[in-house]
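Below is one structure, written out as structure tokens, with a few remarks after it.
The values are calculated or read from the model by the stated rules, or taken from the named source; none is laboratory data. This one's a predicted model, so the numbers in the text were calculated from it and none came from an experiment. Neighbour counts run over all protein chains shown; Cβ positions are idealised from the backbone, glycine included. To get the accessible areas, we keep the full protein, side chains included, count just its heavy atoms, and leave off ligands, DNA and RNA. Shrake-Rupley method; radii C 1.70, N 1.55, O 1.52, S 1.80 Å.
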Amino acid sequence: MRRALADQTPLLRRAIELDAACLARIRVDAETAAVFARLPFGVLVARTVSGGAVTASDRTMLARELLDWLEGDRVDEPAARDADWRGGLPPATGWRRVDSVPDTVVRELVRTGAAALRDAADRAGVPGAEPRAEVADALLDSVVLTVTADGAPDRAGADPATADRAEVTLRSLSALTRMGFLARGSAAHVDVSGRWTRVVAAYGTVFAERPGLGLGLLGH
């Protein structure tokens, strides 16, 4: 399994930088190896690489222990922490591509959102600080991108489970850039499956679940 997960170190490093106690959910089969991590601001991220292992595995480990093991700083495989993982995982199949967005558009939306967060802190009388938690959450949960498949009607209030339309929050796009998933000159692809939306980039994926349906990863 160590060989199958060798290319997962960039995701683990960035997740640990954001949360030293971050958990990593590992799913390995004969063809692929995937690592999921939930960031401290409530976003589920993942990276899937080709080349799996003979023995399938689904387990949770402490991300920093997994990274140390992959980099050879520890000999023993980390202990499983399956009971510590909260919530489910998005579906492996059934995704529909809604649209693709240039990376320049995504970066501009994130910059605009970051400016709004700074302005919120300034209005609270604390220039350069973080805005109040409830203000930050409201801004991060705001929909900053709505995509519609070519030829599909952009119907407000349409059921995302059946419509070729998806709404993406600032929280998801911020995670995409902070994790380094979005390559320069590339595009972010927006897919939907049931109650889930995902934003797929060159080096990883951000998942969001519609609030009120199961585990809400956007109100998180």
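Please find, among 182, 218, the residue that is assigned to a loop (DSSP other than H, G, I, E, B), touching a helix residue (DSSP H, G or I) at 6+ places or on another chain (Cβ under 7 Å), surrounded by 13 or more Cβ atoms within 10 Å (Cβ to Cβ) and modelled with pLDDT under 70.
Values: 182 fails: modelled with pLDDT under 70.
On inspection, the qualifying residue turns out to be 218.
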Tally the residues that are open to solvent by 50 Å² or more (accessible area, probe 1.4 Å), of a type in the set (Lys, Arg) and at pLDDT 95 or above, restricting the search to the range 1-26. 2
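Of everything in the range 1-20, what is of a type in the set (A, V, I, L, M) and touching a helix residue (DSSP H, G or I) at 6+ places or on another chain (Cβ under 8 Å)? Give them in sequence order.
Residues of the range 1-20 that are of a type in the set (A, V, I, L, M), as a first pass: 1, 4-6, 11-12, 15-16, 18, 20.
Answer for the range 1-20, where residues must be of a type in the set (A, V, I, L, M) and touching a helix residue (DSSP H, G or I) at 6+ places or on another chain (Cβ under 8 Å): 5, 6, 12, 15, 16, 18, 20.
Do you know which residues across the range 71-92 are assigned to a loop (DSSP other than H, G, I, E, B) and in contact with a Ser or Thr (Cβ under 8 Å, 6 or more places away or on another chain)? Quick ask: steps written out before the conclusion?
Pass one, the range 71-92, residues assigned to a loop (DSSP other than H, G, I, E, B): 71-81, 85-92.
Those that are assigned to a loop (DSSP other than H, G, I, E, B) and in contact with a Ser or Thr (Cβ under 8 Å, 6 or more places away or on another chain): 71, 80, 81, 85, 90, 91.
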Residue count for the range 1-42, restricted to those that are touching a residue at least 60 places away in the same chain (Cβ under 8 Å) and in a loop (DSSP other than H, G, I, E, B): 6
Within the range 43-70, restricting attention to residues that are open to solvent by 80 Å² or more (accessible area, probe 1.4 Å) and either assigned to a strand (DSSP E or B) or out of contact with any Cys (no Cβ under 8 Å at 6 or more places or on another chain) (or both), which residue is modelled with the lowest pLDDT? 54
